[in-house]
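For reference, the structure is listed below as structure tokens.
The values are calculated or read from the model by the stated rules, or taken from the named source; none is laboratory data. Computed from a prediction, not measured in an experiment: that's the story for all the values here. No Cβ is skipped: glycine too gets one built from the backbone with ideal geometry, and neighbour counts run over all protein chains shown. These accessible areas exclude ligands, DNA and RNA; they are computed on the full protein's heavy atoms, side chains included. Shrake-Rupley method; radii C 1.70, N 1.55, O 1.52, S 1.80 Å.
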Amino acid sequence: MADNVIELRHVEKVYGTAVKTQVLFDVNLAFEKESFNSIIGQSGSGKSTLLNIIGTLDRPTSGEVLLNGVKTTDLSKNKLAELRNKTIGFIFQFHYLLPEFTAYENVLMPVRIAGTPITEEIKARADELMALVGLTKVKNNLAVNMSGGQQQRTAIARALMNRPEIILADEPTGNLDSDTTEQVYDLLREINRKFKTTFVIITHDRRIAEKADRIVEVKDGRIALDLRK
Amino acid sequence: MLPFKIALRFLKSSLGQTIGIILGIGVGVSVQVFIGSLITGLQASLVDKTIGSSSQITVKMKEDDQYIEDYAEYIAYIETLPNIASVATTLDANSVLFTENKPVIVRGTDLADSDAIYKLSDKLVRGRLPAADYEVVIGESLFAELGYALGDTIDIYNPPTGSGADEHKFVTVVGTFDFQVALTNDTLIVTTIPTVQDILNVGDVVSTVITQLDEVFDSDLDAASIAAFIADDAVEVIDWKTQNESLLSGLNGQTASSLMIQVFVTLSVVLGIASVLAITVLQKSKQVGILKAMGIKDSQASFIFLSQGMILGVFGAITGLLIGLGLLYSFTTFALNADGTPVVPLSIDPGFMALSALIAFSSASLASFIPARKSTKISIIEVIKNG
Ligand SMILES: Nc1ncnc2c1ncn2[C@@H]1O[C@H](COP(=O)(O)OP(=O)(O)O)[C@@H](O)[C@H]1O
Ligand SMILES: [Mg+2]
């Protein structure tokens, strides 16, 4: 069996206390190291819930989530924060940059959160990532003074800054035009090859999904299809 | 310190709001500083008018016709007390101006020491203070009434005391004073102690030991230790406080109301900061959610808001001190009486101002605990779901 960086065992998610809505049903799923995966499915099928549970942003109602063999469901809030900082990079549909900071400062933020001193080496890495996403010229712009595509690319550079093993992306191109969408996916793919980062990307764009090594379809809170190339 | 830097950036990015809060705190602090300085100043001037030119702790015999013999010993002890600013002695004789047949009090005092208490040199109208025995200064009104000239000799008559001493003493008028109290101006004659000892035909004795204090409100403590040292039932130690109870209760009332005002000002500043900071948590909940997704810990997130409170507190306190000082400066510079003294007596006490600043800083920090706690409850999921 290949090395699994993410593993879900019997994950269920129920929202609400009075009126209970079950969103995920007995999900068993594993993602291999260095793989490039996409998750598709209709709106409301439970994709985001699943991704948030993988990313420790949310806890499953029952079941286990293992990242690199570590049961995250047992970890404290602080340990989870540390784990997110070091091993997971998030890219959301709405880029979620810190508007008070420049693009460059946003990219450096995960390093600062880790408490690592900003050395010349780290600055060089930030510059390199900004170059990779094509933002060298606007790196000192405040987040709010950039186009949507630029902001999303900043978020990608930020997600990569701490060399996370896993990148979780929830419709990262959801509000970008199709040309930019194509660019962003090519970029993610390139990063996957270059840095051996595991990607799990939610997308509603079948064309994009097909570029992945594996397509997982979620339907009504269950894995309906699991297609590997 | 990342949370601190983030706090600073948050504050900078909404500069208008930040300045508003700082000004709010500043006005609170300046009101506090101003009211505090005003009340303290008023009290100080009232106390000074009441006891500034008189003895604050007085040692005398209980019987009026007795004198203190061991005064040198008492003074030596009193001078060791740290709160004592000055000590002097007086010897009073009830005499008569023989020529005019007018009753007077001839007060001998060691002017070198007692001037610090009576401020006689400030009250001098003409001439000079007595420099040798048998030189006197008298009230300006008495001087005018009797038509004296400086250098005139006056005949002081004292009824015989049984020893058959010479009843007439001749002294020279070398100056006049104005105590702004009619009775004093009309009846007091000030000279040296040996002169009065001669008039009374007594040995080396005085009738009172008089003092002034650095901390006038601690007079009861010093009076108690002086009484304990003297330990003589015939001797009385009189503390100004026991003689000015109504003044004291007035002062206490003022202090209490000033404190109340300051407490309410502080309270409204705290509530103001707390509510504004609570709003900034809401404003920044998206950022907090993003930071948490990137791995910031709850403790760090709350420290962002604590830092905001502290930064606002520091700048608010500084602003308050500046406004307060400005107010005090303009009041003491531009609102003057004809004689150049300020209309409103203000006491500018750096210690009190530092305390006000500290209170503002602490209350701002304290107020920020509420938003800091709130920030730990921000859920990442809620933030990313709601865009
Ligand atoms: N906090 C919540 N409380 C109740 N229901 C929720 C909550 N979050 C999501 N849901 C529901 O769970 C289902 C799956 O949502 P989601 O995972 O966002 O779907 P997708 O990302 O596939 O569109 C939806 O029906 C949604 O309404
Ligand atoms: Mg979704």
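I'd like the FRET efficiency for B:SER14 and B:TYR329, computed as 1/(1 + (r/R0)^6) with the beta carbon distance as r and R0 of 45 Å, rounded to 0.05. It comes to 0.90.
Rounded to the nearest 500, what is chain A's calculated 222 nm mean residue ellipticity when only DSSP H runs of at least 4 contribute -39500 (n - 2.57) each, over all residues?
-10500 deg cm²/dmol
When every alpha-carbon pair in the protein assembly as shown is counted, what percent end up more than 48 Å apart?
47
Hydrophobic long helices, here whole DSSP H runs in chain B with Kyte-Doolittle means of at least -1.0 and Cα atoms spread over 27 Å or more along the helix axis, are found at B:15-51, B:245-283, B:298-334.
At 1.002 mPa s and 20 °C, plugging the Kirkwood radius over alpha-carbon pairs of the stretch B:63-232 into Stokes-Einstein gives what diffusion coefficient in µm²/s?
Value of D from the Cα-based Kirkwood radius: 127 µm²/s.
Here the stretch B:1-160 is treated as a sphere whose radius is the Kirkwood value from Cα pairs; by Stokes-Einstein at 20 °C and 1.002 mPa s it diffuses with a coefficient of 99 µm²/s.
Where both bridge residues fall in the stretch A:99-229, DSSP classifies roughly 60% of the beta bridges as antiparallel.
Could you please state how large a percent of the accessible area of the stretch B:292-387 is carbon and sulfur, counting protein chains only and using a 1.4 Å probe?
Result for the stretch B:292-387: 72 percent of the exposed heavy-atom area is carbon or sulfur.
Measuring heavy-atom accessible area with a 1.4 angstrom probe and counting protein chains only, the residues of the stretch B:275-319 that give up at least 30 Å² relative to the chain alone are B:LYS286, B:GLN287, B:ILE290, B:LEU291, B:ALA293, B:MET294, B:GLY295, B:LYS297, B:ASP298.
Just the protein heavy atoms count here, and of the accessible area of the stretch A:4-228 at 1.4 Å, carbon and sulfur take up 48 percent.
Bridgeable aspartates and glutamates around B:LYS374 (alpha carbons under 15 Å apart, same-chain partners fewer than 8 residues away excluded): B:ASP298, B:GLU382. Atom-type composition of the exposed protein surface of the stretch B:63-232 places 51 percent of the accessible area on carbon and sulfur (1.4 angstrom probe).
Please state, as a whole number in µm²/s, the translational diffusion coefficient that the Stokes-Einstein equation yields for chain B at 37 °C and 0.692 mPa s, with Rh defined as the Kirkwood radius across alpha carbon pairs.
This corresponds to a translational diffusion coefficient of 127 µm²/s.
Take the accessible area of B alone and of A alone, subtract that of the pair with a 1.4 Å probe, and the total buried over both chains is about 2200 Å². Rounded to the nearest 10 degrees, the angle from helix A:178-195 to the longest Cα principal axis of chain A is 90 degrees. Set the Cα radius of gyration of the stretch B:252-294 against 2.2 N^0.38 Å, with N its number of residues, and you get 1.97. Calculate log10 I(q)/I(0) of chain A for q = 0.14, 0.17 Å⁻¹, where I(q) comes from the Debye formula with a single equal point scatterer on each Cα and nothing for solvent. So the normalised log intensities work out to -0.88, -1.26. Around the amide H of A:VAL23, modelled in the peptide plane, lie the amide H atoms of A:LYS13, A:VAL14, A:TYR15, all under 5 Å away and 5 or more residues distant in sequence or on another chain.
For a straight C-alpha distance cut-off of 24 angstrom, the lysines reachable from B:LYS62 (same-chain residues fewer than eight places away being disregarded) are B:LYS241. Eigen-decomposition of the gyration tensor built on the alpha-carbon atoms of the stretch B:1-85 gives equivalent ellipsoid semi-axes of 58, 18, 6 angstrom, largest listed first. Per residue, the accessible area of the protein assembly as shown comes to 46 Å² when a 1.4 Å probe rolls over the protein heavy atoms.
Relative to the longest principal axis of the Cα atoms of chain A, the long axis of helix A:120-132 makes an angle of roughly 70 degrees. Cα centroid separation, the stretch B:271-332 to the stretch A:1-22: 40 Å. Looking at this model, which pairs from A:LYS137/B:LYS12; A:LYS79/B:LYS377; A:LYS47/B:LYS385; B:LYS5/B:LYS286; B:LYS12/B:LYS284; A:LYS123/B:LYS385 are more than 21 angstrom apart at the alpha-carbon? Pairs exceeding the cut-off: A:LYS137/B:LYS12; A:LYS123/B:LYS385.
The distance from the alpha carbon centre of the stretch B:5-24 to that of the stretch A:157-229 is 39 Å, rounded to a whole number.
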